[in-house]
1. Give the residues of the stretch 65-74 that are part of a helix (DSSP H, G or I) and either open to solvent by 60 Å² or more (accessible area, probe 1.4 Å) or at positive phi (or both), sorted by residue number.
2. Restricting to the stretch 107-127, name every residue that is over 25 Å from ASN79 (Cβ atoms) and without any contact (Cβ under 8 Å) to a residue 40 or more places away in the chain.
3. Among the candidates LEU60, LEU30, LEU42, LEU77, which residue alone is part of a helix (DSSP H, G or I) and more than 16 Å from ILE107 (Cα to Cα)?
4. State all residues of the stretch 133-167 that are touching a residue at least 24 places away in the same chain (Cβ under 8 Å), open to solvent by less than 50 Å² (accessible area, probe 1.4 Å) and either in a loop (DSSP other than H, G, I, E, B) or in contact with a Pro (Cβ under 7 Å, 6 or more places away or on another chain) (or both); if no residue qualifies, say none.
5. Residues being in contact (Cβ under 8 Å) with a residue 60 or more places away in the chain, open to solvent by less than 40 Å² (accessible area, probe 1.4 Å) and not in a loop (DSSP other than H, G, I, E, B): count how many of those fall in the stretch 88-106.
6. Name every residue in the stretch 107-132 that is of a type in the set (Phe, Trp, Tyr) and open to solvent by 30 Å² or more (accessible area, probe 1.4 Å), in order of residue number.
7. Is there a residue being within 22 Å of TRP26 (Cα to Cα), modelled with pLDDT of 95 or more and among the aliphatic types (A, V, I, L, M) anywhere in the stretch 94-105?
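The values are calculated or read from the model by the stated rules, or taken from the named source; none is laboratory data. Nothing here was measured: the structure is a model prediction, and the numbers come from that model. Every residue, glycine among them, receives a Cβ derived from its backbone with ideal geometry; neighbour counts consider all protein chains shown. We work out accessible area using only protein heavy atoms, side chains counted, and drop any ligands, DNA or RNA first. Shrake-Rupley method; radii C 1.70, N 1.55, O 1.52, S 1.80 Å.
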Amino acid sequence: MHYVQVVAAWLKTTRVSWAVAGGIPWLWPLGEILHFIGLSMLVGIAGVLDLRMLGVAKGLPLAPLQRLIPFAVAGFLINMVTGFLFFAGDPFQYIHNYAFGLKMLFIALAGVNVFVFYVLGLSRRIEAVGPGQDAPLGAKVTAAVSLFLWVGVMFWGRMLPFLGTAF
């Protein structure tokens, strides 16, 4: 934990922290807008794919939905950058907030879930799932876990100002 404190203390002294914390007044609101757009891209695309794997809208084939994944990855990258900027603006309000820790845990678990989905070859197996067909059980499990984790990320992110004592 000491290392986190040292990095947070250093980060607070940077020009990036100054800019986000109010030095450039429009930077925080712009970050919020981009964060929401990134979240919409990520969760919108992953959520539709997950729901289809779980059997919703079975008239849709899975392969075309899976081709949208690069846009979900772009959304995740937007959120990584904007999330880092928010953190840099005042790292101490985040590192002492348990909601932030839970949000980071859910993001990490979502990453593990994606890794499992690709390593087990489930991504290749769902390519052949056509209209009216069911996804394999393993894909359904990873889809359900994905939905749970991304909803959790959104929940804990939204709870940052309300839980803990940092905000």
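1. Across the stretch 65-74, the qualifying residues are PRO70, PHE71, VAL73.
2. Taking the stretch 107-127 first, the residues over 25 Å from ASN79 (Cβ atoms) are 120-121, 124-125, 127.
Once the filter is applied, which keeps residues that are over 25 Å from ASN79 (Cβ atoms) and without any contact (Cβ under 8 Å) to a residue 40 or more places away in the chain, the stretch 107-127 yields LEU120, GLY121, ARG124, ARG125.
3. Details: LEU60 fails: part of a helix (DSSP H, G or I); LEU42 fails: more than 16 Å from ILE107 (Cα to Cα); LEU77 fails: more than 16 Å from ILE107 (Cα to Cα).
Testing whether each residue is part of a helix (DSSP H, G or I) and more than 16 Å from ILE107 (Cα to Cα) leaves just LEU30.
4. ALA135, LEU160, LEU163, GLY164, ALA166
5. Quick first cut of the stretch 88-106, residues in contact (Cβ under 8 Å) with a residue 60 or more places away in the chain only: 88-100.
Filter once more, so that each one left must be open to solvent by less than 40 Å² (accessible area, probe 1.4 Å): 88-89, 91, 93-95, 97, 99-100.
Next, only the ones that are not in a loop (DSSP other than H, G, I, E, B) stay: 88-89, 91, 93-95, 99-100.
The total comes to 8.
6. Within the stretch 107-132, PHE115, TYR118 meet the criteria.
7. no
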